[in-house]
1. Condition (residue is open to solvent by less than 100 Å² (accessible area, probe 1.4 Å), of a type in the set (D, E, K, R) and in a helix (DSSP H, G or I)) applied to segment 24-47: is it met by at least one residue?
2. So how many residues does segment 1-42 have that are under 19 Å from the mean Cα position of the chain (by Cα) and not aliphatic (A, V, I, L, M)?
3. Whether any residue in segment 1-11 is on the phi < 0 side of the Ramachandran plot, at pLDDT 95 or above, open to solvent by less than 90 Å² (accessible area, probe 1.4 Å) and in a helix (DSSP H, G or I) is what I want to check.
Amino acid sequence: MTLLIILLFLASAGLFVYSFFAKDYQSEVDTQVSNVQINLMREINQLKDQIKESKEGGVKRG
């Protein structure tokens, strides 16, 4: 029983140390989400500008 507890403790300590050296996927996901958000905001602004221009163009013609 004591051997099992010691093995479990060593395994947990090993996994704890490994967690510091493992690759951080969260930062990659954050970067990708941030890039998507920036691209969407640019597209939304372009669409707003196009709508504004088309409305102004329609008023001038009519």
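1. Yes: segment 24-47 contains one or more residues that are open to solvent by less than 100 Å² (accessible area, probe 1.4 Å), of a type in the set (D, E, K, R) and in a helix (DSSP H, G or I).
2. Final tally of qualifying residues: 14.
3. The answer is yes, given that some residue of segment 1-11 is on the phi < 0 side of the Ramachandran plot, at pLDDT 95 or above, open to solvent by less than 90 Å² (accessible area, probe 1.4 Å) and in a helix (DSSP H, G or I).
The values are calculated or read from the model by the stated rules, or taken from the named source; none is laboratory data. Everything numeric here is computed off the predicted structure, so don't read it as measured data. Quick note on the areas: whole protein, heavy atoms, side chains included, nothing else; ligands and nucleic acids left out. Shrake-Rupley method; radii C 1.70, N 1.55, O 1.52, S 1.80 Å.
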